[in-house]
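The values are calculated or read from the model by the stated rules, or taken from the named source; none is laboratory data. Because the structure is a prediction, the values reported are computed rather than measured. With ideal geometry, Cβ positions are generated from the backbone for all residues, glycine too; neighbour counts draw on all protein chains shown.
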Amino acid sequence: MKLIKTASGKIILSILVLSCLAVIGVRLRRSFSQIRSVQAYVNGEIIFVRASIPGKLELKSEKIKLSNQLEKGTQIGTIKSTVENPRVSVLKIENQQLKTRLQDAQQQLSGVKQQIQNRTKLMSLFRQQTVTQKMLQTKYADQQIKQLEEEIAGEQVRKKVALADAHRLASLAKEGAETISRSENKIAEAQQAEAVVKEAQSRIELAKLNLEATKAGLQLEGTRTLSYPETRVLELDVELTDLKEQERILSKQIQSIQSQLSITSKELFSQQNVLVIAPTTGVIWSIDSQPQEIVEANKSIIQLLNCQNLWIEAFINETDVSKLVVGQEAQINLNNSSNVQWEGRVETIRAGTGRFEVGQYVVEPPPEIARRQLPVRVAAVRIKVDWQKTPRFDDFCLAGRSVNVRFIESKS
């Protein structure tokens, strides 16, 4: 019985040992068969902010510091042109010509306005004289009517006296005390007075009509003639109409010149002074130009790292390329920190790294990659990462930091 137990125990022990060895072997096999990065780092998009014109650079030093975050549209500085620019010379000449034209037009307008003011005063004076003249003419016509009425009254008295004398002399002539001829003379005198009265009455009616015409500014007798004040009022009215038209034309001309001057002044300023603006939100990765520096057109001023466009650049042994596929999962650990871990997926796989330049307008690869100093030939794998939250700006969003990448085998 003891022998059986001993034999059974040995068998069980052997089974356990073999099982453990099998598990260890499977794990070792999996470990050795998993693909890991030879080298990997955090990469990101670099945006170059360049000088649009040659000139002297002025930077806002309080904003331009490494790892500082700049919001889109932030003014970085200005460039004042110090290089001879043919367009600037043309704009300066146009600007001066427009200023001269504007000054001349403004002087002309000032002269026209002064003429309008003077003629308006003269018109007011002559209109007042016209009113005064009309009033005097009205008084003169009234006086004529009164004079004629007095003349009629005198003639009517003379007519009555002549008739009375004629009747008296006729009575005396019947008695033989007077001659008939004297009586007839008195009758003729009375008839003459009657004719004078009728003529005076006609003249009164005409004078009254002339008075009404004068009040209305009309003339009944002869060709219509205007007094000097009336003539000057009409002449001044025509002159004022012409002057106001000149004023309108000059005002429009001045507005047009001012508009052209504004356009050329803005263009001149833009040709001589250009604002340097951050094209997107990012972290200052590199400062390539210094304040007061004379920069050429298209020279890089600063480089911005776009922290919204980060990925992992991993390098693997070329022999493992066939084992990877686009979309394959990967685990990323920050070097020397097992607590910092992210998940990602393969975006692109590119062989020939070291034979061609790696990356363009991105964070530069480690020098051993660029110089092909790794012990094996490698392929570049780009991995899209679920960062969960954007890395800290003051740490350049981890760009350039080394990481370890382990690719997860597909379950299929």
message: Condition first: in a loop (DSSP other than H, G, I, E, B), on the phi > 0 side of the Ramachandran plot and polar (S, T, N, Q). Can you find one or more residues in region 267-282 that meet it?
response: no
query: For region 99-151, how many residues are of a type in the set (D, E, K, R) and closer than 30 Å to residue 245 by Cα?
result: 7
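Using the structure shown, decide if residue 99 is part of a helix (DSSP H, G or I), within 30 Å of residue 227 (Cβ to Cβ) and either assigned by TED's automatic domain parsing to the domain that holds residue 205 or of a type in the set (Ser, Thr, Tyr) (or both).
Values: part of a helix (DSSP H, G or I): yes; within 30 Å of residue 227 (Cβ to Cβ): no; either assigned by TED's automatic domain parsing to the domain that holds residue 205 or of a type in the set (Ser, Thr, Tyr) (or both): yes.
Spelling it out, it is not the case that residue 99 is part of a helix (DSSP H, G or I), within 30 Å of residue 227 (Cβ to Cβ) and either assigned by TED's automatic domain parsing to the domain that holds residue 205 or of a type in the set (Ser, Thr, Tyr) (or both).
Of all residues in region 44-77, count the ones that are touching an Asp or Glu at 6+ places or on another chain (Cβ under 6 Å) and either part of a strand (DSSP E or B) or closer than 26 Å to residue 402 by Cα (or both). Give the steps one after another, and end with the answer.
From region 44-77, those touching an Asp or Glu at 6+ places or on another chain (Cβ under 6 Å) are 54, 57, 67, 77; that's our starting set.
The next check asks that each one be either part of a strand (DSSP E or B) or closer than 26 Å to residue 402 by Cα (or both); those that pass are 57, 67, 77.
Residues that pass the stated criteria total 3.
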Residue that is surrounded by the fewest Cβ atoms within 10 Å (Cβ to Cβ), among those in region 273-297 that are polar (S, T, N, Q) and over 13 Å from residue 48 (Cα atoms): 292
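Does residue 299 satisfy the condition of being touching a residue at least 12 places away in the same chain (Cβ under 8 Å), under 27 Å from residue 67 (Cα atoms) and of a type in the set (Lys, Arg)?
Details: touching a residue at least 12 places away in the same chain (Cβ under 8 Å): yes; under 27 Å from residue 67 (Cα atoms): yes; of a type in the set (Lys, Arg): yes.
Spelling it out, residue 299 is indeed touching a residue at least 12 places away in the same chain (Cβ under 8 Å), under 27 Å from residue 67 (Cα atoms) and of a type in the set (Lys, Arg).
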Single unsatisfied condition, residue 74 versus (1) surrounded by 19 or more Cβ atoms within 10 Å (Cβ to Cβ); (2) modelled with pLDDT of 90 or more; (3) among the polar types (S, T, N, Q): (1)
field: Filtered residue count, region 322-343, keeping only those that are without any contact (Cβ under 8 Å) to a residue 60 or more places away in the chain and in contact with a Lys or Arg (Cβ under 9 Å, 6 or more places away or on another chain)
entry: 2
message: Scan region 298-319 and tell me whether some residue there is in a loop (DSSP other than H, G, I, E, B) and in the same structural domain as residue 348 (by TED's automatic domain parsing).
response: yes
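This table checks each residue for (1) within 30 Å of residue 80 (Cα to Cα); (2) modelled with pLDDT under 75.
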{"position": "290", "(1), (2)": "yes, no"}
{"position": "302", "(1), (2)": "yes, no"}
{"position": "326", "(1), (2)": "no, no"}
{"position": "345", "(1), (2)": "no, no"}
{"position": "360", "(1), (2)": "no, yes"}
{"position": "374", "(1), (2)": "no, yes"}
{"position": "386", "(1), (2)": "no, no"}
query: Among (1) touching a residue at least 60 places away in the same chain (Cβ under 8 Å); (2) surrounded by fewer than 16 Cβ atoms within 10 Å (Cβ to Cβ), where does residue 317 come up short?
result: (2)
